[in-house]
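Written out below as structure tokens is the structure these notes cover.
Just so it is clear, none of the values below were taken in a lab; they were calculated from the coordinates. Not measured: the values here are computed from a predicted model. Cβ atoms come from the backbone with ideal geometry, glycine included; neighbour counts cover every protein chain shown.
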Amino acid sequence: MNISTETVQVGLEWDTRTGAVSVPIYQTATFRHPGLGQSTGFDYSRSGNPTRLALENGIARLDGAVAGFAYASGMAAIASLLLLFRSGDHIIVTEDLYGGTCRLFDRVFSQYGLTFTYVDTSDTLAVKNALRPETRALFVESLTNPLLKFADIPALSTICHEHDLKLIVDNTFLTPYLFRPLELGADIAVYSATKYLAGHNDTVAGLVTVRDQQLAEQVCFHQNAAGAVIGPQDSWLVIRGMKTLGIRLDRQQENALKIAAWLQDHPRITKVYYPGLEGHPDHGLMLRYASGFGAMIAFEVDSHALVEQLLLQTQLISFAESLGGVESLITFPEVQTHADIPQELRARLGINDVLLRLSVGIEDADDLIGDLRQALEHD
Ligand SMILES: *Cc1c(COP(=O)(O)O)cnc(C)c1O
């Protein structure tokens, strides 16, 4: 079955009693037991809730996983994965990383004896050189934030499996519609469902999928033990959003390619990062392993003054954090999403004071280009 059909099926046959097409919101904290030692399968909503389970089963199916888990946010999902490790363990991390993830690793989990080494994971030799006897995992983003580098998951998974490491992939920017890391050897995929999966800039959510049963049992245990679960209302919003994932991303990618090509030709734009452009270094790798290039664009303008002008003058495109929703958003990574990355690393990566990030929505491409044009040429 095509994945765009599967997304529409999420939750569809959930309520066999009434036949409700939209999965009901089971707004309950607890469930009555039919008798002593008996359960309906649901006991208490931290441990399991039917609306949440419809979402968890849905993402598991889309990713080809044995199980899915839903959390209150993307960060809660990532934090709960770190509970799989113990003091003394070492994790290798891609250096081009979402700022919030970097903050969680360096300022929270480093306090509990986990150590992290940041490397350019597109360089497999650099990954091998970072290995230590206590290395337990490799954490990468399938398409990085904000510079849109694509990870070679088959190559990284070979290294991980040779050294008995878990390969964890943050697949937020691509979603299962465009890329399925577990099918290419990753052990765990994690999502900020706040972004493309929910897709409407209206809720915060996180998801995890896992490849094997033993990992599923561990993640399930920690999800219940630590308890950062998503509520039934938000579960329903994510399911509702996921149903249109395919058509949203088709339109968003089409718009992104047009906008990236237009930006590339504009005299005041000095650099454009979009993997759908043939000149992008990972264009070929993505053609091979992904079924699209996503709808995030990063670009540099010719002066810092123009950054402020663009952020203030765009009318259709909102100056706001986050990404992946139907509304186009523009952000300034250096002071917003990536402020928690050490300055020296930011400079090396190219996250500087002229770099902007655009999350392309589903509006008309020509209207978006018109908005960027008037903001760039405003005086
Ligand atoms: C937003 C984001 C997160 C964090 O997710 P929240 O839902 O905001 O907690 C993690 N990884 C990536 C790549 C993100 O874009």
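Table for the structure above
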item	result
Ranked list, fewest to most other Cβ atoms within 10 Å of each Cβ, for ARG180, ARG107, ARG17, ARG268	ARG17, ARG107, ARG268, ARG180
Magnitude of the charge dipole, segment 146-263, Cβ model with Lys/Arg +1 and Asp/Glu -1, debye to 20	520 debye
Considering only the chain, percent of DSSP beta bridges that pair antiparallel, nearest 5	55 percent
Charge dipole of the chain about the Cα centre (unit charges at C-beta), most positive-ward option of VAL190, VAL108, HIS33	HIS33
Cα gyration tensor category, rounded, prolate or oblate, for segment 266-341 with a/c compared to 1.5	prolate
Positive-end residue, the chain charge dipole about Cα centroid, Cβ charges, pick of GLY231, LEU368, HIS280	GLY231
Computed [θ] at 222 nm, helices only, for the chain once each DSSP H run of length n ≥ 4 contributes -39500 (n - 2.57)	-10500 deg cm²/dmol
Burial ordering of MET296, MET1, MET75, fewest other beta-carbon atoms within 10 Å first	MET1, MET75, MET296
Proximal lysines to LYS166, defined as alpha-carbon separation beneath 22 angstrom and excluding residues fewer than eight positions away on the same chain	LYS128, LYS149
Calculated FRET value between ARG103 and VAL21, using beta carbons and R₀ = 51 Å, to 0.05	0.80
Which of VAL21, VAL204, VAL190 has the fewest Cβ neighbours within 10 Å, and the rest in rising order	VAL21, VAL204, VAL190
Extreme residue, positive dipole direction of segment 3-242, given options LEU12, VAL169, LEU81 (C-beta unit charges)	LEU12
Anisotropy class of the chain from Cα gyration tensor, a/c 1.5 cut	oblate
For segment 1-109: relative contact order, % (alpha-carbon pairs under 8 angstrom, 6 or more apart)	17 percent
Quotient of Cα Rg and 2.2 N^0.38 Å for segment 1-129, N being how many residues it contains	1.42
Total charge dipole magnitude, the chain, about the Cα centre, Cβ charges on Lys, Arg, Asp, Glu only, Debye to nearest 20	1100 debye
All-pairs Cα distance distribution in segment 157-227, expressed in whole percent, bin size 10 Å	19, 44, 31, 5, 0
